[in-house]
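**Student:** I have a structure I would like to understand better, so I am pasting it below and will then ask my questions one at a time.
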Amino acid sequence: MANTSIDRETLRELADEGNETALDRLADLADAAGDLGELSELLDEGSMHAGFLLTRRAVAAGDLRELQRISDAGYDEAGRELDRLLKAPADGQRD
C-alpha cells in the first residue's frame with residue numbers, strides 16, 4: 001500500500017491549481033491544528049468544507065458574529081444556523 005502522507009506544500013500547490021479535494025484536506029489539517037486563521041483564508045478561497053468546519057465551531061461557541069461573517073463569505077449553511085439561533089427562544093423567556 002502506498003504512503004498517503006502528503007505534505008502541506010504539495011496540497012497547497014494542488015489547491016492552487018484548482019483541486020478541491022486538496023483544499024478540503026488543507027481545511028481538515030487546519031481544523032485539527034485549531035488554526036482558525038487558515039480556515040478563514042481557505043473559506044475566502046472558496047472552500048465550502050472550511051465553511052462547514054468554521055460553522056460547526058461557531059455554532060458550538062454560540063458566536064453569532066462569526067456565523068454572519070462565514071455566511072457573508074459564501075457558506076449559506078452558516079446563515080441558516082444564524083437564523084436558527086436567532087429564532088430560538090431565550091432562556092427563561094415566557095410566551
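The values are calculated or read from the model by the stated rules, or taken from the named source; none is laboratory data. Model, not experiment: these values are computed from the prediction. Neighbour counts are summed over all protein chains in view; Cβ atoms, including those assigned to glycine, are modelled from backbone coordinates with ideal geometry. With ligands, DNA and RNA removed, areas are computed over all heavy atoms of the protein, side chains included. Shrake-Rupley method; radii C 1.70, N 1.55, O 1.52, S 1.80 Å.
**Student:** Among the residues of region 44-93, write down those that are touching a Leu at 6+ places or on another chain (Cβ under 8 Å), not in a helix (DSSP H, G or I) and not hydroxyl-bearing (Ser, Thr, Tyr).
**Tutor:** Within region 44-93, GLU45, GLY46, GLY62, ALA73, GLY74 qualify.
**Student:** Moving to a separate point now. Working only within region 23-70, note down all residues that are open to solvent by 30 Å² or more (accessible area, probe 1.4 Å) and small (Gly, Ala, Ser).
**Tutor:** Answer for region 23-70, where residues must be open to solvent by 30 Å² or more (accessible area, probe 1.4 Å) and small (Gly, Ala, Ser): ALA32, ALA33, GLY34, GLY37, GLY46, ALA60, ALA61, GLY62.
**Student:** Can you tell me which residue in region 71-93 is farthest from ALA32 (Cα to Cα), limited to those that are exposed (fewer than 15 other Cβ atoms within 10 Å of the Cβ) and touching a residue at least 24 places away in the same chain (Cβ under 8 Å)?
**Tutor:** Of the residues in region 71-93, the ones exposed (fewer than 15 other Cβ atoms within 10 Å of the Cβ) are 72, 74, 76, 80, 83-93.
Then drop every residue that is not touching a residue at least 24 places away in the same chain (Cβ under 8 Å), which leaves 74, 85.
Details: GLY74: 22, LEU85: 26 Å.
Looking at residues that are exposed (fewer than 15 other Cβ atoms within 10 Å of the Cβ) and touching a residue at least 24 places away in the same chain (Cβ under 8 Å), I get LEU85.
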